[in-house]
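Q: Take this structure first; my questions come after.
The values are calculated or read from the model by the stated rules, or taken from the named source; none is laboratory data. Just so we're clear, the structure is a prediction, and the values are computed from it rather than from any experiment. For neighbour counting, all protein chains shown are included, and Cβ atoms are generated from backbone atoms with ideal geometry for every residue, glycine included. Protein only, heavy atoms only, side chains kept; ligands, DNA and RNA dropped before computing areas. Shrake-Rupley method; radii C 1.70, N 1.55, O 1.52, S 1.80 Å.
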Amino acid sequence: MTLGEHEDRLVWIFGSSRSGSTWLLRMLSDLEGIVPIDDPHLGHHLGVWRPIPLAWAASEEPPELTTLLDLKAEEPGYLFAERFRDSWWEPLRELIRSRFEAQAEEYEVNGRPTFVVKEPGSHAAPLLAELFPASRLIFLLRDGRDVVDSWLDAYQNGSWAIRGGAFPVSPDGRIALVRWLSAVWAFRSRAVKRAFDTRAPEDRVLVRYETLRERTSETLDRICETFGLGLEGLPEVELRHRFERASDTARGPGKEIRIANPGSWRDNLSRAEQAAMHEELGGALEEFGYEAEIAPLTAAVS
C-alpha cells in the first residue's frame, strides 16, 4: 500500500489535542479502506516549541510562543535551514511517506487506502501541508477554553496522560500551566488556519467539536462525501462510538474520555484561572468564532 502518486488519499486531522480527534479517528477507522495514523508527533520533531513551557512561570515578561523552525530558518547551521531546503525537502517527504506506508502494511485494505493522520503536531501544519500539496485536511476546532480545561485535568496523579510525559501540577503551578496551554491552543489554531487556507473547498473540511458532538452523523456524512470515503455502515459506526456508550470506569476526570460537555471550563477553572486563560488567548477566541466572557486578570482581581 503506497501513497505514491495518490497523495490526495492522505488526509490530516489538524487542530489541537483534546478536541475530539481520537474520537473522530476511531469513527473514521471503522470505515472501509482507512489506514489510521494516530499521533505521529511530526510537529514535535519539526516544530520544537520556543521558549520552553517553564517561561510561562519564570519569565519577567509575558513570553511569545514560536518554534525553533521559525527562529532558526535563516541560520545555515540549522538542519532545516531555508538556504538548503532543496537538500532536505524531498528526503523529508520520503521519510514521512515511507513511515506511513510501513504502518499501512499492518492493515488489510481492498483497493487504494486512505491514510488518515490524526493530530500530527499541528503547530507544523503549514509545513506538512506544503510538503504534501495534494493532501487534504480536516480542521477540527474546539473552544480553546475547553481544550485548556481538558488538558489541565490531565495534569494530575493517576491521569491517562502521565505515561506520555504529563506530570501532576502543583496548586501554585496551575496558573502558569493555564497560560502555557492557552498559548499553545492559539498558536496551533492559527497555524492550522494558514494550512487550511491553502486548500480548495473540495480538499478541506472545517469541523467544530461542538457540532460534531451535537450532530455526529451529519458531520461524518460531510467528511465522507468531501473525501470520497465509503458511507456504508456509518450509522452503526456513530452509534458504536457514542460517548454515552463508554463505561463509567472508562470516562470521567483523569480519563482520556472525560466529559464531552462544551463549556465545562466555567465550572472547573477558578476565577483567576479563567482570567489568566482569557488574557493569554487574546483575540484568538474571537478569531475562531468564540465569545470571551471574562475580563482580563487585572480587572478580575481589582
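Q: If I stretch the segment between GLU105 and GLU32 completely, what's the gain in nm (0.36 nm per residue apart, minus their alpha carbon distance), one decimal?
A: On the way: separation 73, 0.36 × 73 = 26.28 nm, distance 1.54 nm.
Full extension of this stretch gives 24.7 nm more.
Q: Rank these by accessible area, largest first, 1.4 Å probe: GLU202, GLU238, GLU64. It would help to have the intermediate numbers written out before the result.
A: Values: GLU202 110, GLU238 20, GLU64 155 Å².
Descending order: GLU64, GLU202, GLU238.
Q: For the stretch 117-190, what % of the accessible area comes from carbon and sulfur atoms, probe 1.4 Å?
A: Values: 1210 of 2270 Å².
Here carbon and sulfur together make up 53 percent of the probe-accessible area.
Q: Could you check the spin-label model distance between SER87 and GLU244? Points 7 Å from the Cα along Cα→Cβ, value in nm.
A: In this crude label model, SER87 to GLU244 measures out at 6.0 nm.
Q: Taking a 1.4 Å probe, which of LEU128, LEU69, LEU54 shows the most accessible area, and what order do the others take after it? Present the calculation step by step, with values, prior to reporting the outcome.
A: Numbers: LEU128 0, LEU69 35, LEU54 110 Å².
From most exposed to least exposed: LEU54, LEU69, LEU128.
Q: Excluding ligands, DNA and RNA, what is the solvent-accessible area per residue of the stretch 206-271 at a probe of 1.4 Å, expressed in Å²?
A: Accessible surface, normalised per residue, equals 58 Å².
Q: If you wrap a convex hull around the Cα atoms of the stretch 58-114, how much volume per residue is inside, in Å³?
A: 163 Å³
Q: Could you tell me the accessible area of ASP39 in Å² (1.4 Å probe, neighbours in place), rounded to the nearest ten?
A: Only protein atoms counted, so the area is about 60 Å².
Q: Determine how large the accessible area of LEU177 is when every protein chain is in place; take a 1.4 Å probe and give Å² rounded to the nearest 10.
A: 20 Å²
Q: Starting from the Cα gyration tensor of the stretch 116-183, take the square roots of the eigenvalues, sort them a ≥ b ≥ c, and report rounded, prolate or oblate (rounded when a/c is under 1.5, otherwise prolate if a/b is larger than b/c, else oblate). Show your work: numbers first, answer last.
A: Details: a/c = 2.73, a/b = 2.18, b/c = 1.25.
Cα axes put the stretch 116-183 in the prolate bin.
Q: What number, rounded to the nearest 500 deg cm²/dmol, is the helix-based mean residue ellipticity at 222 nm of the chain, given -39500 (n - 2.57) per DSSP H run of at least four residues and division by all its residues?
A: Numbers: 15 runs with 131 residues, N = 302.
It lands at -12000 deg cm²/dmol.
Q: Let me ask you something else. Ranked by accessible surface with a 1.4 Å probe, highest first, in what order do TYR155, TYR107, TYR209 come? Provide the component values of the computation, followed by the final result.
A: Numbers: TYR155 40, TYR107 75, TYR209 10 Å².
Sorted by accessible area, descending: TYR107, TYR155, TYR209.
Q: OK, next. The stretch 197-234: which trypsin sites (Lys or Arg not before Pro) are DSSP loop and have at most 15 other beta-carbon atoms within 10 angstrom?
A: Working: sites: ARG199, ARG204, ARG208, ARG213, ARG215, ARG222; in loops: ARG199, ARG215.
Loop-located and lightly packed - ARG215.
Q: Let me ask another. Based on Cα coordinates alone, diagonalise the gyration tensor for the chain, multiply each eigenvalue by 5, take square roots, and list the semi-axes in whole Å, largest first. Before the final figure, lay out each step's value.
A: Values: eigenvalues 196, 134, 58 Å².
In descending order, the three semi-axes are 31, 26, 17 Å.
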